[in-house]
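A.B. asks: After the structure tokens below, expect a handful of questions from me.
Only the coordinates and a few stated rules stand behind these numbers; no lab work does. Since this is a predicted model, take the numbers as computed values, not measurements. A quick note on method: Cβ atoms are made from the backbone with ideal geometry, for glycine too, and the neighbour counts reach across all protein chains shown.
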Amino acid sequence: MKITIIGTGYVGLVTGTIFAEVGHDVTCLDINEDKIILLQSGKSPIYEPGLDMLLQNNIVNGRLCFTSQADEAFADSDVIFIAVGTPQEEDGSANLNYIHKAAEDIARHIKHNVIVVVKSTVPVGTNDYVEKIIRNHISSDIEVHVVSNPEFLREGHAIHDTMNGDRIIIGAEHKASGDVVEALYEKINVPILRTDRRSAEMIKYASNAFLAVKISYINQISNLCEKLGADIASVADGMGMDKRIGRAFLNAGLGYGGSCFPKDTRALSYLSKKNNVSMSIVEAAIEANTTQRQLFINKVVDHFNGNVTDKRVAVLGLAFKPNTDDVREAPSIDIITALVSSGAKVSAYDPVVKNIQVLDDCNVVYAQSKEICVENADAILLVTEWDEFFENEWLASVIQNKQIVLFDGRNMLNKNKEEILS
Ligand code: UGA
């Protein structure tokens, strides 16, 4: 099958690479020419374990190519995937400008029957809208069907998740088009659920919001555990043994960040308001997630009796979670901003993220190594749980040897206490 992917962000790039890996002929299209040049040379613009090698192999074997030219990309493709971003508007709604543009581009260039698959996370009804735009602009003898196929990969595990996910959702109104999309996944051994388009779109939002609720729930339970002397890790383990609950996404800490949960929970809330339906559970989760960061900041400030002026704070981890270089909605940004504005001196270290642009005015010293980061620190803040902080018990021994207070934002060390004072 000849596949074209519009958008080379996380979803588009990984999906395109995996489709090439399983034998399809894939062209990835992006308007960003610098990105295309980088990709043509076999380099990934994002940090994603294992991606570079797959990219290079498939470019060399001729199954994967990159272009910024729409006519070239669409020329003989059987299936076009839309995998562009749907960033958040100020009111919480999803911005569909890139989706709209992709649909118009397809309509402008397509001269043959084609199936269009929307992989981007889009509000319910967007697939109908995309089909309408395309059909309104093409001649009536060309057949176009739009199929919803939302993405469930996690950053940092993108390749593994694509090959070993829990499900592939295919939402189609036109059965034969759904069958073609299903066939694309033939060599990927993941269960497939066929639905209508609107249900497929909703499955994506409902899943992300559910996981966000789960995290906020365990964080609030964790806050109560701390007051009452219960151990949140044991509580999560015990809860997780109930198969109806499950242990995944019950790790308490600083809460969720990234480009998906914050954006998708707000978009779901927006969508429910527009339709006069209460989404109070998701809204409570959003609020709890914001509060969770503030509670952490308060703990640090309280430790220094309300005055962090000139206190040297070492922040370990900047990415919103390990194994990614993504800092969108990362807790590190709120924490550093708050502490710096209260007078603290922050040094930060992340194995992959070497600086954060939005913190340019914060005078953060970006350390070359974790060892340099914690040198002379008055407090260490574990913000992202990268493996290298725990290798050979490095962090535990730093706390022990240097007698420094640790604020364990990910509940990784002493499972009985949020804060470890040696
Ligand atoms: C999430 C979903 O897990 C994917 O299924 C989905 O495809 C993706 O969003 C998306 O919509 O594109 P991702 O944002 O990459 O994936 O990251 P997750 O691993 O889900 O973590 C999200 C956030 O929750 C992180 O900030 C993480 O630190 C936090 N988290 C996760 C917790 O605080 N506790 C947990 O137990 C698990």
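A.B. asks: In what sequence do 234, 44 fall when counting other Cβ within 10 Å, fewest first?
C.D. replies: Working: 234 12, 44 20.
Final ranking by Cβ density, sparse to dense: 234, 44.
A.B. asks: I need the fraction of alpha carbon pairs in region 2-195 separated by more than 22 Å, rounded to a whole percent.
C.D. replies: Numbers: 8060 of 18721 pairs.
Tail of P(r) above 22 Å: 43 percent of Cα pairs.
A.B. asks: While we're looking at this one, here's another question. Using the number of other C-beta atoms within 10 angstrom as an exposure proxy, rank 249, 296 with the fewest first.
C.D. replies: Going from sparsest to densest Cβ surroundings: 249, 296.
A.B. asks: Would you mind calculating the gained length between residue 294 and residue 403 on full extension (0.36 nm times residue separation, minus the Cα-Cα distance), in nm to one decimal?
C.D. replies: Details: separation 109, 0.36 × 109 = 39.24 nm, distance 2.53 nm.
The span from residue 294 to residue 403 would gain 36.7 nm if fully extended.
A.B. asks: Ok, one more. Using modelled backbone amide H atoms (1.01 Å from N, in-plane), which distant-in-sequence or interchain residues come within less than 5 Å of residue 407's amide H?
C.D. replies: So residue 407 has HN proximity to 380, 381, 382.
A.B. asks: Averaged over every viewing direction, what's the projected area of the C-alpha convex hull for region 154-275? Give it in nm², one decimal, please. Mind dumping the intermediate values first?
C.D. replies: Working: hull surface 39.0 nm².
Projected area, direction-averaged: 9.8 nm².
A.B. asks: With +1 on the Cβ of every Lys and Arg and -1 on the Cβ of every Asp and Glu, and nothing else charged, how large is the dipole of region 304-422 about its Cα centre, in debye rounded to the nearest 20? Provide the component values of the computation, followed by the final result.
C.D. replies: Working: 11 positive and 19 negative charges, 53 e Å.
Once rounded to the nearest 20, the dipole reads 260 debye.
A.B. asks: Moving on to the next point. For region 236-310, what Kirkwood radius comes out of the mean inverse Cα-Cα distance, in Å?
C.D. replies: Details: mean 1/r = 0.0668 Å⁻¹.
Averaging 1/r across every pair of different Cα atoms and inverting gives 15.0 Å.
A.B. asks: Mind checking the angle between helix 10-21 and the chain's longest principal axis? C-alpha axes, 0 to 90 degrees, to the nearest 10.
C.D. replies: Long axis of 10-21 versus the principal axis of the chain: about 60 degrees.
A.B. asks: Hey, with R₀ at 35 Å, roughly what FRET efficiency would residue 101 and residue 190 work out to, going by the Cβ-Cβ distance, to 0.05? Could you put the intermediate results ahead of the total?
C.D. replies: Working: r = 30 Å, r/R0 = 0.86.
Efficiency at R0 = 35 Å is approximately 0.70.
A.B. asks: Per-residue HN-Hα couplings for region 182-190, Karplus 6.51 cos²θ - 1.76 cosθ + 1.60 at θ = phi - 60°, whole Hz, x for Gly and Pro?
C.D. replies: 4, 5, 4, 9, 3, 8, 9, 8, 10
A.B. asks: Just flag the trypsin sites (Lys or Arg not before Pro) in region 72-126 sitting in loop per DSSP whose Cβ has no more than 13 other Cβ atoms within 10 Å.
C.D. replies: 111
A.B. asks: If you take the beta carbon distance between residue 362 and residue 281 as r and set R0 to 51 Å, what does 1/(1 + (r/R0)^6) give as a FRET efficiency, to the nearest 0.05? Please report the intermediate quantities before stating the final value.
C.D. replies: Numbers: r = 35 Å, r/R0 = 0.68.
Efficiency computed from Cβ-Cβ geometry: 0.90.
A.B. asks: Please report the relative contact order for the chain, taking Cα pairs under 8 Å with a sequence separation of at least 6, and give it as a percent rounded to a whole number. Before the final figure, lay out the partial values.
C.D. replies: Values: 811 pairs, mean separation 47.2, N = 422.
After rounding, I find 11 percent.
A.B. asks: What does region 7-94 give for Rg and for Dmax, in Å, if only its C-alpha atoms count?
C.D. replies: So, for region 7-94, Rg and Dmax equal 13.4, 46 Å respectively.
A.B. asks: Next up: For region 197-280, what is the charge dipole size about the Cα centre, in debye to the nearest 20, if Lys and Arg each add +1 at the Cβ and Asp and Glu each add -1 at the Cβ?
C.D. replies: Values: 12 positive and 6 negative charges, 112 e Å.
Dipole size: approximately 540 debye.
A.B. asks: Applying a 10 Å radius around every beta-carbon, put 326-333, 11-18, 208-215 in order of their mean neighbour count, most first. Don't skip to the end; give the middle numbers.
C.D. replies: Working: 326-333: 22.8, 11-18: 26.4, 208-215: 20.0.
Final packing ranking: 11-18, 326-333, 208-215.
A.B. asks: How big is Rg to Rh over the chain, alpha-carbon atoms, Rh as the Kirkwood inverse-mean-distance radius? Kindly include the intermediate steps, with their values, before the conclusion.
C.D. replies: Working: Rg = 23.2 Å, Rh = 23.1 Å.
Reported Rg/Rh (Cα atoms, Kirkwood Rh): 1.00.
A.B. asks: Right, something else. How big is the dipole moment of the chain about its Cα centre under a simple scheme where the beta carbon of each Lys and Arg is +1, that of each Asp and Glu is -1, and everything else is neutral? Debye, nearest 20, please. Show your work: numbers first, answer last.
C.D. replies: Details: 40 positive and 57 negative charges, 161 e Å.
Using only the charged Cβ atoms, the result is roughly 780 debye.
A.B. asks: Right, something else. How tilted is helix 261-274 with respect to the longest principal axis of the chain? Cα atoms for both, answer in degrees (0 to 90, nearest 10).
C.D. replies: 60 degrees
A.B. asks: If you stretched the chain out fully between residue 390 and residue 227, how much longer would it get, using 0.36 nm times the residue separation minus the C-alpha to C-alpha distance? Intermediate results must be reported in sequence, preceding the final value.
C.D. replies: On the way: separation 163, 0.36 × 163 = 58.68 nm, distance 2.67 nm.
Taking residue 390 through residue 227 to full extension adds about 56.0 nm, to one decimal.
A.B. asks: Given axes a ≥ b ≥ c from the Cα gyration tensor, I'd like to know whether region 304-422 is rounded (a/c under 1.5), prolate (a/b larger than b/c) or oblate. Mind showing how you got there, number by number?
C.D. replies: Details: a/c = 1.55, a/b = 1.12, b/c = 1.38.
Oblate is the answer for region 304-422, as a/c is 1.5 or above yet b/c matches or exceeds a/b.
A.B. asks: Same structure, new question: Using the alpha-carbon atoms, what tilt in degrees (0 to 90, nearest 10) does helix 51-60 show relative to the longest principal axis of the chain?
C.D. replies: Helix 51-60 sits at roughly 30 degrees to that axis.
A.B. asks: Can you tell me which of 318-324, 355-361, 267-273 comes out highest on packing, and rank the rest after it, using the mean Cβ neighbours within 10 Å?
C.D. replies: Values: 318-324: 23.4, 355-361: 12.1, 267-273: 19.4.
Packing proxy ranking, top to bottom: 318-324, 267-273, 355-361.
A.B. asks: Which ³J(HN,Hα) values, rounded to whole Hz and listed in residue order, are derived for region 360-376 from phi using the Karplus coefficients 6.51, -1.76 and 1.60 in 6.51 cos²θ - 1.76 cosθ + 1.60 with θ = phi - 60°, glycine and proline given as x?
C.D. replies: Values, residue by residue: 3, 8, 9, 6, 6, 8, 8, 7, 6, 8, 5, 5, 5, 4, 8, 4, 6 Hz.
A.B. asks: Okay, next question. Mind checking the full-extension length gain between residue 376 and residue 199? Use 0.36 nm per residue of separation minus the Cα-Cα distance, one decimal, nm. Spell out each step's value before the answer.
C.D. replies: On the way: separation 177, 0.36 × 177 = 63.72 nm, distance 5.45 nm.
Result: 58.3 nm gained on full extension.
A.B. asks: Please give the FRET efficiency for residue 307 paired with residue 31, using the beta carbon to beta carbon distance and R0 = 41 Å, rounded to the nearest 0.05. Don't skip to the end; give the middle numbers.
C.D. replies: Values: r = 49 Å, r/R0 = 1.21.
About 0.25, to the nearest 0.05.
A.B. asks: Then there's this: So for 139, 199, 347, 77, fewest C-beta neighbours within 10 Å to most, what's the order?
C.D. replies: Working: 139 7, 199 15, 347 20, 77 24.
Lowest to highest Cβ neighbour count: 139, 199, 347, 77.
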